[in-house]
Amino acid sequence: MNVRTRGARLVLAALAAGTALTLAAAPATAAGSPRFLEPAEMPPHPTSPWYAGPVTAGQPEHPPVCVGESLPSISSHREYWTEYDTNGSQVTVVERDEQRAKAFAGLLRRKIADCAERLMAENPDVTATQKNYGKIGVEEGATVHGLHTVSDWGSSDVSLFSVGRDGRTVTYVRWAQMGTFAHAQVADFKATTVTAVNKLY
C-alpha cells in the first residue's frame, strides 16, 4: 500500500531534533508504577550507545506518529536517541480496569494499521508504505508494525511501532531512523517490545 504523507516526516524530524538536545537522566518512577525501557534495551545501534530522557507524566510534547491524538492525559512517556539519526519513544497508560485497557490497546492498533492512509489525506508530498510484522506472545499480547516514508525532497525514513498490554496497563514503543525497510531492526525491536511489556509491572 503506497500512500503519501508529509506529517510522518515532520513529526519524526521534530522528535529527532527535540531529543538530540535533551540530557540523559534516570527515570523517576514511583513505587508501583510501570517501569520503562532502559537505553541499552532499545535495538542496538552499530556505532552509538542509546541515551534517554526522564520518565515524564502526561502526553509527549511532540505527538507520536499515528497515535498522538489518541493518547490520554494520564499517559507517561520517555524519549530515546543515539548520536546519529536514530530515535525512539515509549508511552505507557494505566487504565482503570482491564476492559478499558484492552479497548485502548485495540484503538492504538487500529490507528497504527491505517496510519498511512490517514496521513495521505492530509499530506500529498511523501510516499509511505506500511507493513504488519504480526503478533508477539507476551503477557496479554503485543503487535508490531512498520512504516517507510519517502519525501519528494529526497528523505527516506523507517519506523517500527508496537502496542502491548499487561493487565490494565498498555504501552506503545517506537523506533525510527533514516533508511528503508531493509534497515529496520525487526527482530531486535520485537525483543525490545517483549522487554517493555514484561517490565510493565
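Taken together, the values in this text are just the output of simple stated rules run on the coordinates, not laboratory data. Being a predicted model, the structure only gives us computed values, none of them experimental. All Cβ positions, even for glycine, are placed from backbone atoms using ideal geometry, and neighbour counts span all protein chains on display.
The table below lists the values:
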quantity	calculated
Derived scalar couplings ³J(HN,Hα) [the stretch 157-172; Karplus, 6.51 cos²θ - 1.76 cosθ + 1.60; whole Hz; x for Gly, Pro]	9, 10, 10, 10, 10, 9, 10, x, 9, 9, x, 9, 10, 10, 10, 10
Whole-Hz ³J(HN,Hα) from phi, Karplus 6.51 cos²θ - 1.76 cosθ + 1.60, for the stretch 127-137, glycine and proline x	8, 10, 10, 10, 9, 10, 8, x, 9, 10, x
Charge sum, other residues only, whose C-beta stays under 12 Å from Ala52's C-beta, Lys/Arg counted +1 and Asp/Glu -1	-2
At q = 0.15, 0.18, 0.20, 0.23 Å⁻¹, base-10 log of I(q)/I(0) for the stretch 52-139 (Debye sum, equal scatterers on each alpha carbon)	-0.73, -1.03, -1.20, -1.33
Residues of type lysines that Lys131 reaches as a straight line, Cα spacing below 18 Å, ignoring anything fewer than 8 places off in the same chain	Lys111, Lys190
Spin-label pair Asp188/Ala57, simplified geometry with 7 Å Cα→Cβ offset, distance in nm	3.5
Hydrodynamic radius (Kirkwood) for the stretch 85-201, which is based on Cα pairs only, to one decimal in Å	14.7
Order by protection proxy (mean Cβ within 10 Å, highest first), peptides 76-83, 130-137	76-83, 130-137
Backbone HN-Hα couplings from phi across the stretch 104-120 [Karplus 6.51/-1.76/1.60, Hz, Gly and Pro as x]	5, 4, x, 4, 4, 5, 5, 5, 5, 4, 10, 4, 5, 5, 5, 5, 4
Cleavage-rule hits, GluC sites (Glu not before Pro), the stretch 110-201, DSSP coil, Cβ neighbours within 10 Å at most 10	none
